[in-house]
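The values are calculated or read from the model by the stated rules, or taken from the named source; none is laboratory data. Computed from a predicted structure; not experimentally measured. Note: ideal-geometry Cβ built from the backbone for every residue, glycine included; neighbour counts use all protein chains shown. Keep in mind that these areas ignore ligands, DNA and RNA; they rest on the heavy atoms of the full protein, side chains included. Shrake-Rupley method; radii C 1.70, N 1.55, O 1.52, S 1.80 Å.
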Amino acid sequence: MKKDIHPSNYREVVFKDMSNDEIFITRSTVATKETIEIDGVTYPLVKLEITSASHPFFTGKQKLVDTAGRVDKFMSRFGNLKKK
């Protein structure tokens, strides 16, 4: 194999689904400033809004994830319109 072709910052990272607090520990080179301690070990933390643990396609459950108030914004604009 060729030398020096792999990134030097390849390490274990925690990806956390913020909608259901599910965590995944995997290896990655993603840059992050936050950390989390799990079982006495400190890992870099990447926060995600949706993952396979919370996405309706993978869970089979229809679940509304509204982190930016998009539903309220839509209802304030178009909620009062009546069908003709």
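If you go through the stretch 44-82 one residue at a time, how many are modelled with pLDDT of 70 or more, part of a loop (DSSP other than H, G, I, E, B) and under 12 Å from the mean Cα position of the chain (by Cα)?
Selection size over the stretch 44-82: 6.
Tell me the residue from SER8, SER54, SER28, SER19 that is among the small types (Gly, Ala, Ser) and open to solvent by 90 Å² or more (accessible area, probe 1.4 Å), please. Can you show your working first?
Values: SER54 fails: open to solvent by 90 Å² or more (accessible area, probe 1.4 Å); SER28 fails: open to solvent by 90 Å² or more (accessible area, probe 1.4 Å); SER19 fails: open to solvent by 90 Å² or more (accessible area, probe 1.4 Å).
Result of the check over SER8, SER54, SER28, SER19: SER8.
Does ILE36 fit the bill of being at pLDDT 70 or above and either in contact with an Asp or Glu (Cβ under 7 Å, 6 or more places away or on another chain) or acidic (Asp, Glu) (or both)?
no
In the stretch 13-54, which residue that is among the charged types (D, E, K, R) and touching a Ser or Thr at 6+ places or on another chain (Cβ under 7 Å) is farthest from GLY69 (Cα to Cα)?
Step by step, filter the stretch 13-54, then rank; the result is GLU22.
Name the residues in the stretch 31-40 that are open to solvent by 60 Å² or more (accessible area, probe 1.4 Å) and either assigned to a strand (DSSP E or B) or in contact with a His (Cβ under 7 Å, 6 or more places away or on another chain) (or both), would you?
THR35, GLU37
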